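Asks: What follows is a structure written as structure tokens; I'll ask about it next.
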Amino acid sequence: MSDRLDPKLARQGRIAALVIAGAAILSIFAPVIVSALGLPARFEILLLLFALAAFIWALVVALRIWQNSRDT
């Protein structure tokens, strides 16, 4: 196992971390955004579904990074 992390895997990890952080912020502030804009509650659910999709995408990317790092 090498001491240096593959730059491609490191970049993917940073992107996944940013997506996780963004999805967390979106899921926390979804009720605030919807109430501030005066939108119906269904838009809050839509924002939460976007956040859920981002979490799932980041999980898949993290698993692929883990598998690729084990192979090298």
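The values are calculated or read from the model by the stated rules, or taken from the named source; none is laboratory data. Small disclaimer: the values here were computed from a predicted structure and weren't measured. Please note that ligands, DNA and RNA were not included when accessible areas were found on the heavy atoms of the full protein model with its side chains. Shrake-Rupley method; radii C 1.70, N 1.55, O 1.52, S 1.80 Å.
Asks: Among the numbered criteria (1) at pLDDT 95 or above; (2) at negative phi, which one does K8 miss?
Replies: (1)
Asks: In the range 50-72, how many residues are in a helix (DSSP H, G or I) and open to solvent by 100 Å² or more (accessible area, probe 1.4 Å)?
Replies: The total comes to 8.
Asks: So I65 clears everything in (1) modelled with pLDDT under 95; (2) within 13 Å of the chain's Cα centre (by Cα) except one condition, right? Which one?
Replies: Checking I65 against (1) modelled with pLDDT under 95; (2) within 13 Å of the chain's Cα centre (by Cα), the one that fails is (2).
Asks: Quick check on my filter: what residues within the range 1-43 are more than 20 Å from the chain's Cα centre (by Cα) and open to solvent by less than 40 Å² (accessible area, probe 1.4 Å)?
Replies: V34
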